[in-house]
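Report on the following structure.
What follows is calculated from the coordinates using simple rules that are stated; it is not laboratory data. Note that the structure is predicted; figures quoted are calculated from it, not measured. Backbone-built Cβ (ideal geometry, glycine too); neighbour counts: all protein chains shown.
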Amino acid sequence: MTAKLDLFAAAPSLMKSWAGTSMAIASSLEPSLIELVKIRASQINGCANCINMHTAEARAKGETEQRIYLLSAWREAPCYTDRERAALGWTEALTRLSEGHRQESAYEAVKAQFTDEEQVKLTLMINVINGWNRLAVGFGLWVDPAAAKSAVKAAA
C-alpha cells in the first residue's frame with residue numbers, strides 16, 4: 001500500500017501536537033493494557049497498519065503471543081484479567097458507537113475496575129487509537145513499527 005500523503009509534511013504542527021498528545025495519553029495507564037486496547041480497536045476498524053505496529057510494540061513490551069492471538073475472542077479466553085476485560089469491553093462499546101448505544105454494561109465493568117481519572121484516561125486512549133486508525137486507513141498508511149517509533153519521538 002502506498003500512502004496518499006505524508007501526514008507530518010502536510011500538517012506538521014497539528015501532527016506534532018497529535019503525536020505528542022497520543023504519547024502522553026498512552027503513557028497514562030499500564031503499557032500492557034494500552035497495547036491491548038490499541039490492538040483491539042485496530043482489529044475492529046480493520047487497520048492493518050495499526051495492528052501490525054501495536055502487536056510489534058506489545059511483543060517488545062513483553063506481551064505473549066497467546067494473548068495477542070486470542071484478543072479478538074477475549075470474552076472466551078481465560079488469559080485476561082478483569083481489568084483488561086473491562087477495558088476491552090469499553091473499547092468495543094466506544095469503537096462501535098455506530099452500531100447503537102449499548103455501552104451501559106461495558107461502563108459498569110469499567111467503573112468497577114478503574115478510578116474516575118483512569119476512566120477518562122482509558123476513554124481518551126480509545127479516542128486516540130480510533131483517530132490513528134482513521135488516519136491510517138483513510139490515507140493508506142503502512143509504516144514499519146521501528147520507523148513509526150522514530151517518527152513519533154522526533155515529532156514530540
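The table that follows gives values for the structure above.
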| item | result |
| --- | --- |
| Of Leu70, Leu36, Leu88, the one that fluctuates the most in a GNM where the chain has Cα springs shorter than 10 Å | Leu70 |
| 15 Å cut-off, amide nitrogen to a point 7 angstrom out along Ala112 Cα→Cβ, residues in the stretch 80-97 | 81-90 |
| Theoretical FRET efficiency, 1/(1+(r/R0)^6), r = Cβ-Cβ of Leu14 and Glu76, R0 35 Å, to 0.05 | 0.30 |
| Calculated from backbone phi, Karplus (6.51, -1.76, 1.60) coupling profile of the stretch 6-22 in Hz, x at Gly/Pro | 8, 4, 6, 7, 6, 9, x, 5, 5, 5, 5, 5, 4, 5, x, 5, 4 |
| Value of [θ]222 nm, deg cm²/dmol, for the chain, DSSP H segments ≥ 4, -39500 (n - 2.57) each, nearest 500 | -22000 deg cm²/dmol |
